[in-house]
Amino acid sequence: MSNSKKILLSGVKPTGRVHIGNYFGAMKQFVELQNEYESYVFIADYHAVTTVQNKEQMSQGIIDVALDYLAIGLDPKKVVLFKQSDLPQVHELNWIFNCITTMPYLMRAHAYKDAEAKNKEINVGIFDYPLLMAADILLQDADVVPVGQDQKQHVEYARDTAQKFNNVFNSEIFKLPEPLILKNVETVPGTDGRKMSKSYGNVIPLFATYEEIKKAVMSIPTDSKGVAEPKDTETNHIYNIHRLLLNNADRQILALKYTNGGLGYKEAKEGLIEALEAFIRPMRERREMLVHDLDTVFDILKAGGQRASMRAEKKMDMVRKAVGVDIY
Ligand code: AMP
Ligand code: TRP
């Protein structure tokens, strides 16, 4: 990897099957940018402990995300793939960040405010989540962090925290990262039109079987307009998912079919099912092959963990010096 390339870093939590919202919002960019950037892509397993507190579920979740990364086309020769828990330095830095951050500042985080508004029980991990994420990002000197819109604020926290550290300890150790958010897919809608989310039960899994695709698409609610009637595209949940799978020209053709009338919802759903199957099948098949070779997958993660940890250790050396604990 050449040193002149900018650095990309991002991660996905092992909290359940990834869906096409994760893919179009964030993961697709990891694949598309892997040649252009020096890339670090990881499994945010310690972030998931805020909600996943079961050994089997955690281990399986980690393996699943590793398989997902490889199946979507991340090339371990180009990308450093690793799991967060292989980098103890993340927690060391997280603690230092805790000490330079105020409670009111963390209380402004969307995720915390949402949980509080819903009267959920909030553990300290959820509260501190943005600073653990800042440690992930800043330890690797990331220039860009490709994420979905819902993570934008977290990347801003990482920027602020970098600046705060540099000011407090009178150093230039941390770079200020930028979020990379694709304009036209900021938030991928689910089958009910709300944000596609594991917690809403409105997802299309990225590695869905044909039957699962069919079931998800058939569950999309529609209004009572007849086949010939013109149909709106903006409020149309079928179109809003289908458009993600099309290039500009085909997207316009599909939009016209709706707005001109003549395309019924049944036919539209059948079209979406076929488009999803064509898009998902090759990745699903690749994933099925990889499942049989977990040793190779583990070797990739271990090697990636070593590389990422070596970089993190170099950064932490500078941090320890700046903080003043390194006295020898
Ligand atoms: P998570 O599963 O929460 O770790 O999310 C992984 C990535 O997917 C993050 O960058 C999220 O911002 C992104 N993401 C999750 N849901 C959506 C969605 N409905 N639309 C766009 N991006 C999403
Ligand atoms: N918080 C991210 C999510 O929920 C996952 C994550 C953890 C992450 N650390 C990160 C993403 C660092 C990008 C960079 O999706």
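The values are calculated or read from the model by the stated rules, or taken from the named source; none is laboratory data. Since the model is a prediction, treat every value here as computed from it, not as a measurement. Here the Cβ is made from the backbone with ideal geometry for all residues, glycine too, and neighbour counts use every protein chain on show.
Would you please name the residue that is surrounded by the fewest Cβ atoms within 10 Å (Cβ to Cβ), looking only at residues in the stretch 244-289 that are under 14 Å from residue 217 (Cα atoms) and among the basic types (Lys, Arg)?
Top of the filtered list is 266.
For the subset of the stretch 278-296 comprising residues that are touching a residue at least 40 places away in the same chain (Cβ under 8 Å) and under 20 Å from the mean Cα position of the chain (by Cα), which member is farthest from residue 20 (Cα to Cα)?
The qualifying residue farthest from residue 20 (Cα to Cα) is 287.
What tally of residues in the stretch 74-112 results from selecting those that are touching a Pro at 6+ places or on another chain (Cβ under 7 Å) and under 16 Å from residue 308 (Cα atoms)? Spell out how you get there, then give the answer.
Initial filter on the stretch 74-112 (touching a Pro at 6+ places or on another chain (Cβ under 7 Å)): 106, 109.
If we keep only those that are under 16 Å from residue 308 (Cα atoms) as well, we get none.
Residues flagged as touching a Pro at 6+ places or on another chain (Cβ under 7 Å) and under 16 Å from residue 308 (Cα atoms) within the stretch 74-112 amount to 0.
Which condition does residue 278 not pass, out of (1) farther than 28 Å from residue 72 by Cβ; (2) outside the structural domain of residue 75 (by TED's automatic domain parsing), if it passes all the others?
(1)
Under the condition of being of a type in the set (Asp, Glu) and not in a loop (DSSP other than H, G, I, E, B), which residue from the stretch 156-192 is farthest from ligand 2 (Cβ to nearest atom)? Walk me through how you get there before you give the answer.
Taking the stretch 156-192 as the starting set, the residues that turn out to be of a type in the set (Asp, Glu) are 156, 160, 172, 178, 186, 192.
Narrowing the set further to residues that are not in a loop (DSSP other than H, G, I, E, B) leaves 156, 160, 178.
Working: 156: 12, 160: 15, 178: 12 Å.
Only one residue fits best here, namely 160.
Here are some residues: 236, 240. Which one is outside the structural domain of residue 318 (by TED's automatic domain parsing), farther than 30 Å from residue 315 by Cβ, touching a Pro at 6+ places or on another chain (Cβ under 6 Å) and among the polar types (S, T, N, Q)? Let's see the steps before the verdict.
Details: 236 fails: touching a Pro at 6+ places or on another chain (Cβ under 6 Å).
Checking each option against the conditions leaves just 240.
Give me the pairs, please: first residue somewhere in the stretch 122-151 and on the phi > 0 side of the Ramachandran plot, second residue anywhere and among the aliphatic types (A, V, I, L, M), beta-carbon distance under 8 Å, and either six or more positions apart or on two chains.
141/7
Which numbered condition trips up residue 172, out of (1) within 16 Å of ligand 1 (Cβ to nearest atom); (2) in the same structural domain as residue 317 (by TED's automatic domain parsing); (3) not β-branched (Val, Ile, Thr)?
Among (1) within 16 Å of ligand 1 (Cβ to nearest atom); (2) in the same structural domain as residue 317 (by TED's automatic domain parsing); (3) not β-branched (Val, Ile, Thr), residue 172 violates only (1).
Can you name every residue in the stretch 18-43 that is out of contact with any Ser or Thr (no Cβ under 9 Å at 6 or more places or on another chain) and either at pLDDT below 95 or near ligand 2 (Cβ under 10 Å from one of its atoms) (or both)? Before the answer, list the steps.
The initial filter retains those residues of the stretch 18-43 that are out of contact with any Ser or Thr (no Cβ under 9 Å at 6 or more places or on another chain), namely 18, 20, 22-24, 28, 31-32, 34-37.
Residue satisfying the conditions is 22 alone.
Answer yes or no: is there a residue in the stretch 126-140 that is under 19 Å from residue 50 (Cα atoms) and more than 13 Å from ligand 2 (Cβ to nearest atom).
Yes.
Quick check on my filter: what residues within the stretch 106-155 are within 14 Å of ligand 1 (Cβ to nearest atom) and assigned to a loop (DSSP other than H, G, I, E, B)?
142, 147, 148
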